[in-house]
């Protein structure tokens with residue numbers, strides 16, 4: 001790195017420096033990206049329902065940076081300006097690997113889309129809660145929810161791949177329309193229309209099975 | 001329930017390919033292939049979500065600062081030169097073997113050389129990467145067991 005670049009090197013310069021084992025670049029890299037690595041580890045562990053302590057996050061954080069420096073993982077990254085997003089994915093996967101390797105815990109075999117939807121009673125319109133008002137209570141409610149889940153899972157497979165991704169990002173991952181549009185590089189209106197159409201279709205399916 | 005890993009799905013794209021997808025840098029056909037894959041693979045969809053939000057949160061500057069100790073430890077990784085470390089570890093092993101052999105060559109100092117070989121051997125074990133990994137693994141296991149014990153106590 002040239003002396004003029006030392007104050008605030010670009011991600012590309014930093015990565016190049018780290019690949020070439022420049023220790024100053026590495027120090028700046030760690031300072032700059034430790035936060036996103038830490039966030040991604042916590043986020044993945046929480047979303048997958050693992051029970052964890054601060055020591056686990058610290059160990060995984062260290063594993064990630066060892067892979068980047070000693071194992072040459074950084075050289076795999078092609079879109080270097082997107083390093084923060086790439087690191088978030090690497091850190092999330094490292095968290096899963098750590099729990100599998102050190103604690104013999106595998107990630108869940110399934111993600112319950114609708115459990116989460118029913119748990120979140122914050123009234124936000126982006127969940128299926130609006131579509132599936134529960135009329136029963138106690139065990140009946142649970143049975144109704146299970147039936148509804150199965151019916152929705154089956155119905156969601158009827159969508160085209162892109163629509164399925166949009167619907168799952170909204171319903172499973174709770175992402176906003178604008179975020180999905182930005183992520184998949186499609187207009188917000190298309191996302192909103194797809195979600196509205198999908199909800200209508202899912203509702204019809206449920207009504208057809210007398211689940212609504 | 002949505003399966004996290006679909007046995008019928010094609011091989012999952014790696015993080016670099018998903019980052020390129022998020023950055024809109026892939027050819028149309030490659031982007032469509034990834035789009036089709038993530039629609040049916042919640043594990044990759046989870047990665048794409050993490051990648052997108054990670055980038056946004058980082059750029060937005062809203063993430064809290066990491067603990068200074070874990071930053072210091074991560075910076076310290078660069079100080080580890082694996083070649084030098086291997087040479088040093090092998091030197092301890094060679095010294096252990098030499099002390100052990102000397103205890104037989106010079107029977108007069110048998111006990112002294114044997115003790116020296118024991119000390120050098122312990123030093124070699126403590127420097128060895130595989131042993132350190134084992135210690136870390138056992139420590140994690142111990143913490144996990146302690147936690148389970150606490151939970152069962154709490155249940156009782």
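Residue separation of residue A:27 and residue A:78 scaled by 0.36 nm, minus their Cα-Cα distance, works out to 16.2 nm of gained length.
Want the number for residue B:27 to residue B:110: 0.36 nm per residue separation, take away the alpha-carbon distance, what's left? Computed gain between residue B:27 and residue B:110 is 22.7 nm. Taking every residue in B:61-71 and counting other chain Cβ atoms within 10 Å of its Cβ, the average works out to 5.
Peptide packing: for B:121-127, B:102-108, the average count of neighbouring Cβ atoms within 10 Å per residue gives the ranking B:121-127, B:102-108, highest mean first.
Since every read-out is calculated from the coordinates, none of them should be taken as a lab result. What you see is a predicted model; the values in this text were computed from it and never measured. We place every Cβ from the backbone using ideal geometry, glycine too, and count neighbours over all the protein chains shown.
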